[in-house]
Amino acid sequence: MKTIIIQESKRGIVRNDGRTVGILLPGRHWSWRWSARTTVEVVDARQIATASAPDLERVLTADLGQVLEVAEGTVALVRRDGLPLRVLDAGRWILWHGEGEVAIAIASLEPLRTSVPSSFWAIAGSQRIVDLVVRPHECVLVYVDGALAESLGAGRHGLSTFQRKLDFVRIDLREQQLLISGQDLISADKATLRLTLLLKYAVVDPVATVQTVADLGEALYAEVQMAARAAIAGVTLDGLLERRVEVARDMTAAVTARIEAWGVALRRLEIKDVVLPGELRELMNRVIEAEKRAAAQVILRREEVAATRSLANTARLLENNPVLLRLKETEAMKEIADRIENLTVVLAPKDLQDVLRLGARE
């Protein structure tokens, strides 16, 4: 006699020589007919379902469970006590009774956007459903077997992988910037200079962007580079320095005309830095220094002319007005006396006689 113990919430499938002969409920079981060739497979009934087989269905009774058939292209969604438990693939299954309140729902896998509730996506696994999250600043292009099928906006999306191969391209819709540095260019007057350009852009048509350019960053870099060469070749160095904004505007128009077909909007393109070679930079500094020196000389000469003109006017005024001349002399003597602590006046005899004579008259 052989004894078998089946734990709570378990079921025992009894087989003799590989043939199913019975199903055991939880408890202690023994039989004289069990031999060394008798095996018992213990299954967890709390998982609700077990893959069926014809000989298992023959010994299944209504009080133990029932048979569920899931068609191709569908899945069975199993809930126990209201909570998601399992996802059953196509095939025949044994549903065990007596393990809580069980609800079964059938969902199709054929639509790309699955009808399976999101609470089952993690249980179903990525081999059945891809759980895809798209952030607010993104767009995701979905390709089915190599062909564009969907353009997904912000949110959470469940996509069925049933009989299809899925590929995804994630596009950032935010404004981005590209720094083009170290561009050695030649101006119209044969001056060699190095430019650093700043490009700001945003993708506005993700489908056009993906279908027209393989690498957006490299394509934009090349377009700005060519536009810069064309613009600088048509302007002199002085013209570039004087009309920097206008030159950048011409470059913007040239680049915009090219990238509109790519689904890209150009937000800003400007010349960030203009770097001259050492010799040319030194020469430019000398020119600027000479110009400033010449401007300073002009200002000094203008001031000298104004001062001379003022002196000439003063001289004519003093010539025609002796009293004013005497007053100016007195002011001059006062200024001199203020700067001298001791003043000694030496008079010649003739001058002394004149002073005495002047005093006698008074």
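Would segment 202-213 turn up any residue that is under 19 Å from residue 270 (Cα atoms) and either among the aromatic types (Phe, Trp, Tyr) or part of a helix (DSSP H, G or I) (or both)?
No; the residues of segment 202-213 include none that is under 19 Å from residue 270 (Cα atoms) and either among the aromatic types (Phe, Trp, Tyr) or part of a helix (DSSP H, G or I) (or both).
Can you tell which of 150, 69 is of a type in the set (D, E, K, R) and farther than 29 Å from residue 210 by Cα?
Every option except 69 fails the conditions.
When segment 228-259 is examined, which residues are found to be over 21 Å from residue 200 (Cβ atoms), assigned to a helix (DSSP H, G or I) and out of contact with any strand residue (DSSP E or B) (no Cβ under 8 Å at 6 or more places or on another chain)?
238, 239, 242
Pairs only if they're at least six apart or on different chains, beta carbon under 9 angstrom, first in segment 66-82 and closer than 15 Å to residue 47 by Cα, second of a type in the set (Asp, Glu) and loosely packed, with under 12 Cβ neighbours inside 10 Å; list them, first residue then second.
79/101; 80/101; 81/101; 82/101
In segment 127-145, which residues are out of contact with any Ser or Thr (no Cβ under 9 Å at 6 or more places or on another chain) and closer than 20 Å to residue 117 by Cβ?
Scanning segment 127-145 gives 132, 133, 134.
Determine which single condition residue 281 fails, assuming it passes every other condition in (1) of a type in the set (Lys, Arg); (2) assigned to a helix (DSSP H, G or I); (3) closer than 30 Å to residue 232 by Cβ; (4) modelled with pLDDT of 75 or more.
Only one criterion in (1) of a type in the set (Lys, Arg); (2) assigned to a helix (DSSP H, G or I); (3) closer than 30 Å to residue 232 by Cβ; (4) modelled with pLDDT of 75 or more is unmet by residue 281, namely (4).
Look at residue 50 and say whether it is surrounded by 13 or more Cβ atoms within 10 Å (Cβ to Cβ), under 18 Å from residue 11 (Cβ atoms), of a type in the set (S, T, N, Q) and touching a helix residue (DSSP H, G or I) at 6+ places or on another chain (Cβ under 9 Å).
yes
What residue, among those in segment 52-77 that are under 50 Å from the mean Cα position of the chain (by Cα) and in a strand (DSSP E or B), is nearest to residue 102 (Cα to Cα)?
In this case the residue turns out to be 77.
Restricting to segment 194-227, name every residue that is of a type in the set (Val, Ile, Thr) and free of Cβ contacts under 8 Å to residues at least 60 places away in the same chain.
Listed by number, the residues that qualify are 209, 212, 213, 224.
The values are calculated or read from the model by the stated rules, or taken from the named source; none is laboratory data. Here the structure is a predicted model, which means the values were calculated and not measured. For neighbour counting, all protein chains shown are included, and Cβ atoms are generated from backbone atoms with ideal geometry for every residue, glycine included.
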